[in-house]
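Novice: Below is the structure I would like to discuss, written out as structure tokens.
What follows is calculated from the coordinates using simple rules that are stated; it is not laboratory data. Quick caveat, the model's predicted, so the values are computed rather than measured. Neighbour counts are summed over all protein chains in view; Cβ atoms, including those assigned to glycine, are modelled from backbone coordinates with ideal geometry.
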């Protein structure tokens, strides 16, 4: 049960479900979640193999869009809201995480190059890639599949996602209907320091990352050897993106440094909580930012962990970090 073999089985199941008119939409089915839970039980209690358990845990995050159950979604939302309510310093660190990670990565890159340590430089470049991921997720959280397929330029198959309104200061990320899970056009604005980090990655660090790893030329912001999976039939994407498990591992490098302990998907819960902290009860705005329906947002954030928790978060954040809402309002404008 190697990671690649488990990943191939996951992708095969999802592909069969997508292709078959008789099978349920894989993003709405609990089948994959059940199968991975069963595999994890066998690996942990039968085989006593912690490596397999670790692979399954990473892949569960990487394929979150296809395995999360409604119950898990509610539990995740509540856990994230509770974390922000009880640890407002983490909320501030989340908002400031892109700049902090980019600063750490720049220092590590310079040190590695000075020492001629290629392995350390590769790790530092991965950390900068994580800073870019955080910059996008803090601006407007995407599903992991959209981070994987994000393109900085067009190709013969399809146009790019990024348009620079002002180079290094304001980027517009636009996803078409076939690229988004709920089949709608989504536009993301990355501005100020977050835009600077994205620009620096594309203009300086990405090429070195590609050269060190011997990767093929591709239009993806996060390059690799994989091909995006499970896009709509009308969309054709080229090869050359990061594999889902690699994307999650790169994210984890930054998350570990910041101490947030949340996955890319749980950023959606964090942003929803902060939106409601800025504007308690504004479920419509939270829904618009997340690209969900208002009913979905009310379901997950409209109970004790929703408006009431956001008010507590607001008070605690303002007491410790009085400028945080100025930053959030600029991001959510």
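Novice: Can you order the peptides 200-211, 90-101, 265-276 by their average number of other Cβ atoms within 10 Å per residue, highest first?
Specialist: 265-276, 90-101, 200-211
Novice: Take peptides 190-196, 166-172 and line them up by average Cβ neighbours within 10 Å, highest first, as a rough protection proxy.
Specialist: Output ranking for 190-196, 166-172: 190-196, 166-172.
Novice: Let me ask another. Rounded to whole Å, give me the distance from the Cα center of region 28-49 to that of region 229-293.
Specialist: If you average the Cα positions of each part, the centres end up 24 Å apart.
Novice: Sort 141-150, 114-123, 241-250 by packing, meaning the average of other beta carbons within 10 Å per residue, with the highest value first.
Specialist: Top to bottom by mean Cβ count within 10 Å: 141-150, 241-250, 114-123.
Novice: How large are Rg and Dmax for region 96-258 when only the alpha carbon atoms are used, in Å?
Specialist: When restricted to Cα atoms, region 96-258 yields Rg and Dmax of 15.1, 48 Å.
Novice: Give me the one-decimal nm value for the distance between modelled label points at residue 204 and residue 225, 7 Å along each residue's Cα-to-Cβ direction.
Specialist: That separation, rounded to one decimal, is 2.9 nm.
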